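Asks: The structure is given below, and queries will be raised subsequently.
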Amino acid sequence: MIKKLLALIVGFGCFSVAYAQNPTVDTMAFTQKVRYAVDYYNRNISEQSEIYNGTEYNFLPRATKGSPYLEDRFEFTNANIKYNDTWYNDVSILYDAFKDVLVATQPVNQAQYILHKEYLAEFYLFGHHFVHLNAMSSDNASINDGYYDQLYAGKTVVICKYSKIKTETVTAQGIEVVFDDKQSFFIKKGATIYSVNSKGSVLNAFKDKKKELNTYLSRNNIDYKNNKGLAIARLAAYYDQISK
């Protein structure tokens, strides 16, 4: 696609050079032609971009409570994504945390497509940095293939998996559908993965520095219960710092 855009710009540029009356007109004409080429690309060629060649996405009916989407945000939001080793900015996306798929809206025909997970390496959304990880396991825990919020990435890595639990209840009025949020935290130290939830499980993952980390929590007034992800990330960063 980029080659097509460059071909358009070169073509229009040659045209403007051939027919311009003076250098000033030549520059203005070339600028206008470049703008036209970019606009043409955005309107037409970009419609066939590699991003929009996945399976068409079908929306689920509205639930009684909650939704399948991250932070229950139904609207498409512009985000930066790294797809097939190329960064794309301001792509209109929606994260279905129930199916663990990222959905993009084609800018011309407004159709929705599921992005191919094997090509989507990372993306930024709502202040989160998501990375695609392949399934991996160790003696302590394992993770499934999917998108994970990367909370900290040093020698130690902290990630969070956001998911949705769907329950259906039959009532006199029909079927009630509820989506509940779930967060699963993991710490990766070398080749070992730890599934952590309580403060105790986090400290056990760093048991060789458990005393120092307890002191760090107290001195810095870190509230583990109210912001678990931030607390784990700070503990991991401090662990890396004192383990050098």
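Asks: Compute the Rg/Rh shape ratio of the stretch 194-244: radius of gyration over Kirkwood radius, all on alpha-carbon atoms.
Replies: Details: Rg = 9.9 Å, Rh = 10.8 Å.
Rounded to two decimals, Rg over Rh is 0.91.
Asks: Placing unit charges on C-beta atoms (Lys and Arg positive, Asp and Glu negative, everything else neutral), compute the dipole magnitude of the stretch 158-244 about its Cα centre in debye, rounded to 20. Kindly include the intermediate steps, with their values, before the conclusion.
Replies: Details: 16 positive and 8 negative charges, 108 e Å.
For this selection, approximately 520 debye.
Asks: A further question follows. Report the per residue volume, in Å³, of the convex hull enclosing the C-alpha atoms of the stretch 149-244.
Replies: Details: hull volume 10.5 nm³, N = 96.
So the per-residue hull volume is 110 Å³.
Asks: Moving on. Test of the criteria: in the stretch 94-175, which GluC sites (Glu not before Pro) are in a DSSP loop and have at most 14 other Cβ atoms within 10 angstrom of their Cβ?
Replies: Those that pass, being in a loop and sparsely packed, are Glu118.
Asks: Could you please state how large a percent of the accessible area of the stretch 102-164 is carbon and sulfur, counting protein chains only and using a 1.4 Å probe?
Replies: On the way: 1300 of 2840 Å².
Using a 1.4 Å probe with all protein chains present, the stretch 102-164 comes out at 46 percent carbon and sulfur.
Asks: Stick to Cα atoms and the Kirkwood definition of Rh, then tell me Rg/Rh for the stretch 91-199.
Replies: Numbers: Rg = 16.7 Å, Rh = 15.9 Å.
Using Cα coordinates only, the ratio equals 1.05.
Asks: For the stretch 94-143 and the stretch 204-221, write down the distance between their C-alpha centroids in whole Å.
Replies: If we compute the Cα centre of each part, the gap is 33 Å.
Asks: Do any trypsin sites (Lys or Arg not before Pro) in the stretch 42-137 lie in a loop, going by DSSP, with at most 11 other beta-carbon atoms within 10 Å of their beta carbon, and if so which? Display every interim value, and only then the final one.
Replies: Working: sites: Arg43, Arg62, Lys65, Arg73, Lys82, Lys99, Lys117; in loops: Arg62, Arg73, Lys99, Lys117.
Sparse-neighbourhood loop trypsin sites (Lys or Arg not before Pro): Arg62.
Asks: Still on this structure: Enter the accessible area of Asp145 (Å², nearest 10), with the probe set to 1.4 Å and all protein chains included.
Replies: Probe radius 1.4 Å; accessible area of Asp145 about 70 Å².
The values are calculated or read from the model by the stated rules, or taken from the named source; none is laboratory data. None of the values given here were measured: they were computed from a predicted structure. Ideal geometry is used to build each Cβ from the backbone, glycine not excepted, and the neighbour counts take in all protein chains shown. Just so you know, the surface numbers come from the protein's heavy atoms only, side chains and all, with ligands and any DNA or RNA stripped out. Shrake-Rupley method; radii C 1.70, N 1.55, O 1.52, S 1.80 Å.
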